[in-house]
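Since the structure comes first, as structure tokens, the remarks are kept for the end.
The values are calculated or read from the model by the stated rules, or taken from the named source; none is laboratory data. A quick note: this is a predicted structure, and the numbers were derived from the prediction, not measured. Here the Cβ positions follow ideal geometry from the backbone for every residue, glycine too, while neighbour counts run over all protein chains shown.
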Amino acid sequence: MTGGPILGRYTHHSDPTDLRTVRLIGLPVALFLRAREHHDELIREFTLMAIRSNGTDSNRTDAFGVALPPRLRELVDILGRRFGASTSRADMERDAAIERGDATVDLTYHVPASLRDDLKMLTQLMDDADDFCRMEALLTLPRDANMVAFGHWYNNEFLRQIDGLPPTPWKGPLE
């Protein structure tokens, strides 16, 4: 397995021989599903915004002439255009845990060390998207505190373990 269940679609790697093992211990299945559903809603909205702005001066406005803040334009481009079409989820262990109704699951991934920059970018993009959701610049609601904490733990586990640190189990709520 390469890449994480959410961030696998955000990664671009050229050296598959430089792999690091990342273990996610106690991943909360229900919270993961909520976070994934929110993520998918956000990607759909950004994808639609990217489609609407095709053929317009996307540096200033969307297809309806509405001015987009620079960071929102960047989010539309990165999350909507570049990653909106990718939806693969090839994590059989996680899917089996979902089907069994498990509360938590331990997962192991083998990821390139180059994932580090993508993870940092993804974490910041999702936090920025939450800001736009709170400002009601998007239809999608912002992530709740548990989803934010989970997203940060999830990405930080990859970052920490790529750097050689041991895994830290999830200690937050399961829902």
**Request:** Assess whether P142 counts as being touching a Cys at 6+ places or on another chain (Cβ under 7 Å), assigned to a loop (DSSP other than H, G, I, E, B) and either at pLDDT 85 or above or farther than 17 Å from A35 by Cα (or both).
**Result:** yes
**Request:** Being touching a helix residue (DSSP H, G or I) at 6+ places or on another chain (Cβ under 6 Å) and over 16 Å from H38 (Cα atoms) is the filter; apply it to the range 108-136 and report the residue that is surrounded by the most Cβ atoms within 10 Å (Cβ to Cβ).
**Result:** L119
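Here is a check on your reading of the model: is Q161 within 26 Å of R20 (Cα to Cα) and either surrounded by 17 or more Cβ atoms within 10 Å (Cβ to Cβ) or at pLDDT below 85 (or both)? Give the derivation first.
Values: within 26 Å of R20 (Cα to Cα): yes; either surrounded by 17 or more Cβ atoms within 10 Å (Cβ to Cβ) or at pLDDT below 85 (or both): yes.
Against the criterion (within 26 Å of R20 (Cα to Cα) and either surrounded by 17 or more Cβ atoms within 10 Å (Cβ to Cβ) or at pLDDT below 85 (or both)), Q161 qualifies.
Determine whether G151 is surrounded by fewer than 16 Cβ atoms within 10 Å (Cβ to Cβ) and of a type outside the set (V, I, T).
Details: surrounded by fewer than 16 Cβ atoms within 10 Å (Cβ to Cβ): no; of a type outside the set (V, I, T): yes.
No.
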**Item:** Residues satisfying the stated conditions in the range 151-160, i.e. without any contact (Cβ under 8 Å) to a residue 60 or more places away in the chain and either among the charged types (D, E, K, R) or in a loop (DSSP other than H, G, I, E, B) (or both)
**Value:** R160
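Each row is one residue, and each column tells you yes or no for (1) within 19 Å of E45 (Cβ to Cβ); (2) touching a residue at least 12 places away in the same chain (Cβ under 8 Å).
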{"site": "D95", "(1), (2)": "no, no"}
{"site": "E99", "(1), (2)": "no, no"}
{"site": "A103", "(1), (2)": "no, yes"}
{"site": "T108", "(1), (2)": "no, yes"}
{"site": "D117", "(1), (2)": "no, no"}
{"site": "L122", "(1), (2)": "yes, yes"}
{"site": "D128", "(1), (2)": "yes, yes"}
{"site": "A149", "(1), (2)": "no, yes"}
{"site": "I162", "(1), (2)": "no, yes"}
